[in-house]
Amino acid sequence: MKRIIACISCAAMLVSGAFCSSAAEQSAFSMIGAPSGIVEEADGSMMVTDTYNKVIWRIEGGVPSLYSGKIGVKDLSGEPVGGYRDSTNAESFFLEPWDIVKYADGYAVSDTANHVIRFVNGTTTRTLTGNRRESYTEGKGISAGFSYPKGLAVGDDGRLYIADSGNNAIRVMDKDGNVSTYASGINAPAGLCFSNGSLYAVESGANRIIKIENGNAVPVAGSGTAGFADGEAMNAAFSRPEGITVSQDGTIYISDTGNKAVRRIRNGRTDTVIKSDPSAMSLYPQEPRGMLYSNGKLYICDVFSKKLITAELHD
């Protein structure tokens, strides 16, 4: 198979302090596709959604293999058009695979532009929930309706949480496939992460981070006004954040997408881990989205620059 990921630098590359804080060192892999969501397996391999090619890759040792989805015909700009088909993994089609999480004996994938959640295992791809219409309905399986679902998270009880972005809500699906509303009035929710018994969400439309317990949203960081500012968490400013991950010690990492930055929230304060220079398009991140924290490293999906960034963290 043609290699679609090439290592830019085998050693961690120390980025100039103008673009990277003292909190991280970077290296990256270039991708032909646009990485969006990421999840790690027990063996260290990773599953990555690709919103450009509309497929899911399995990456092991830096080498990708096509796991699910078929790269379709190209439009006039050269981008594969994607589509919708439940079938074997090799013959299935996605339209916008945004996020991915381990679920049951496979993976749940938010197929955002199709307004559905798909389920992928080692052989087949099928629709888990969603009627493929931009709607807001409760129900079981394909009778439920969503509007541009994005982030996904699985709770300790096995329930699947869905950032129903277009409906300004967090939905939840139980093990029997019944979909209900977990929290409403959330402004364009994007990334989700379940950690230490709580659901953390990026409220992208309100430029803030929230924690949701029993359906009630509690602000964690962000003044609510778009901008860029570190400092006390509730006074910090973000711009259209999209991704989130939480480490074992409770530190929260945010893809601050509009600011081309990765931010960190801990001990009631927000600081910057990585920030790109808008005038230097060769530097990254340019459009960070999905993130994964694992063993002191952050893996960051950069949709625009088509890179999977690795940041080695230190204080």
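Some observations on this one:
- Cα gyration tensor shape for the chain, rounded if a/c is under 1.5, else prolate or oblate: oblate
- Here Val101 sits with roughly 20 square angstrom of accessible surface, probe radius 1.4 Å.
- Links that overshoot a 29 Å alpha carbon limit, given the list Lys74/Lys297; Lys175/Lys260; Lys102/Lys306: Lys74/Lys297; Lys175/Lys260
- Alpha-carbon spread of the range 33-125, three principal axes, descending order, Å: 40, 26, 19
- Annotation: per residue accessible area for the chain equals 40 Å², rounded to a whole number [probe 1.4 Å, protein chains only].
- Among the protein heavy atoms, those of Asp230 account for about 70 Å² of accessible surface (1.4 Å probe, every chain in place).
- Compared with the rule-of-thumb size 2.2 N^0.38 Å for a compact globular protein, the range 224-315 has a Cα radius of gyration ratio of 1.00.
- Rounded if a/c under 1.5, otherwise prolate or oblate - the range 141-300, Cα gyration tensor axes: prolate
- Loop sites by DSSP among the trypsin sites (Lys or Arg not before Pro) of the chain, restricted to those with at most 10 other Cβ atoms within 10 angstrom, leave 4-174 as the longest stretch without any of them.
- Ratio Rg/Rh [Cα only; Rh per Kirkwood] for the range 63-195: 0.97
- Taking a sphere under 15 Å around the Cβ of Gly268 and counting the other residues whose Cβ falls inside, with K and R at +1 and D and E at -1, yields a net charge of +2.
- Among the protein heavy atoms of the chain, carbon and sulfur supply 48% of the accessible surface, probe 1.4 Å, non-protein parts ignored.
- Within a Gaussian network of the chain (alpha carbon springs, distance under 10 Å), most fluctuating of Phe94, Phe238, Phe194: Phe194
- Among Pro285, Pro149, Pro219, the largest mean-square fluctuation in a Gaussian network model of the chain (Cα springs under 10 Å) belongs to Pro219.
The values are calculated or read from the model by the stated rules, or taken from the named source; none is laboratory data. On a predicted model such as this, the values are computed, not experimentally measured, just so you know. Glycine also receives a Cβ, built like all others from the backbone with ideal geometry; neighbour counts cover every protein chain displayed. Areas reflect the complete protein model, heavy atoms only, side chains present, ligands, DNA and RNA absent. Shrake-Rupley method; radii C 1.70, N 1.55, O 1.52, S 1.80 Å.
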